[in-house]
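Take a look at the structure set out below.
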Amino acid sequence: MQKCMKAFKCKFCQDLINNEDVGHRDMYFISDDDISVCNKGTGILSFYPNMLDLANRKLCIETGDIQAAEIFGDTAVKAGEDIHLRCSITERKPPRALIHMYLCKNGVGVRMELLDNQLDHVFLLSNVSVLDSGTYTCVYSLNKQSLRNVSPRGNSSVHVQVTDDSSDTRPAHIVGDTAVKAGEKIELQCSISDREATTNQLHMYLCKDRAGVRMEMPGEDDSHTFILKNVTVLESGNYSCVYSFKEHPLDNVCISALQSIHVQVTDDVRPAHIVGSTTVKAGDNIQLNCSISDRGGTSNQLHMYLCKNRVGVRMEMPGDDDLHTFILKNVTVLESGNYSCVYSFKELPLDNVCISGIKSIHVQVTDDRPAFGYFMEILVGSLAVVLLIGLISLATFYCRVRKRCNLCRNRRQSEDTFEDDKDDDDAINAN
């Protein structure tokens, strides 16, 4: 064993990359006879002899964080066809790296490809269905990541719409209110441009966040207005329209909706500006600054809310200041997510206060500790618990034994005293 010396160039065996979990490796060193893998954090080299194929030696670099990649590709395809999505790296840091390219759908990793001396990759989704519709993004890393831990970076994305000709639902045009207050009504007008030569009854469907919420029949008109009365913040969302000449279940009728508008319902809650840490390590603190630009000339107490993934997680009152810093201490990877801020001049439940949060930042908490470290922590903690229980049990047993011995001793003394008194009585009677 020897200490790990960091280097920017080293060689590795492709078979090792394919068969070993490299997520916790820091650097690879190779001689002609063996592979030396430096475990991140420990600085110890582990040796893998006789695994080197000299013809497959390549250059590698120290592992890095997840970075955003550009994405280009198809945006509208039919069910049964293929989707081609090209993920491209505009700047490689550092050069000639082995890169893990990830394809994400709706913010979740779905595919990974290993790129060797390449700047881009085309992901092919074959024989797609309407379920493959969604927003796709690309990220890359110099370190192997679990798909469930991969999340989007940057602003590059494409929305892919898969339509199914076997269904007669078609997208309709939508216009209407985009900002209303709680208690008011929302009016959304859906219209079609080509009714075709049919006498069948037109069915117009209103969709919210790509889920059917209402169906109404406009008769012979080519447009129809949906009216949502006495709305709450829960009615905020993306609305779209589709139509058909026959009735369908609301559950899956909105797949083919293309155009949408965002409706924001406010209820004494307003969005605040947020800045802060975007990448921290497990065990560190996250500082998020939330600020407002206009108090509206009120002297009421300001309530600042911190939201994570559009759910309220904390409320604090900054007093007379227009800026407040939320500090999340000793964070773990579970604190990763999209954070935003909203404010109000009265206290509200955390459950639905974050509907109007507009600007957000993504915070990524990374944990560089190797898997062996986790195991040791769990082992040490388990041993400590077992030892504590053993000590308590031993002390309890000792107390019980000692108490029992004292009782036995007292009983024996009582019996001896009784025997002595009896002997004395017998002696007196004999005399």
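Laboratory data are not the source of any read-out in this text; all were calculated from the coordinates shown. Since the structure is predicted, the reported quantities are computational estimates derived from the model, not experimental observations. So basically every Cβ, Gly included, is an ideal-geometry build from the backbone, and we count neighbours across all protein chains shown.
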- Among 318-325, 267-274, 81-88, how do they line up from the highest to the lowest mean number of other beta-carbon atoms within 10 Å? 267-274, 81-88, 318-325
- Taking the mean number of other Cβ atoms within 10 Å as a proxy for protection, how do you rank 306-313, 235-242 from highest to lowest? 235-242, 306-313
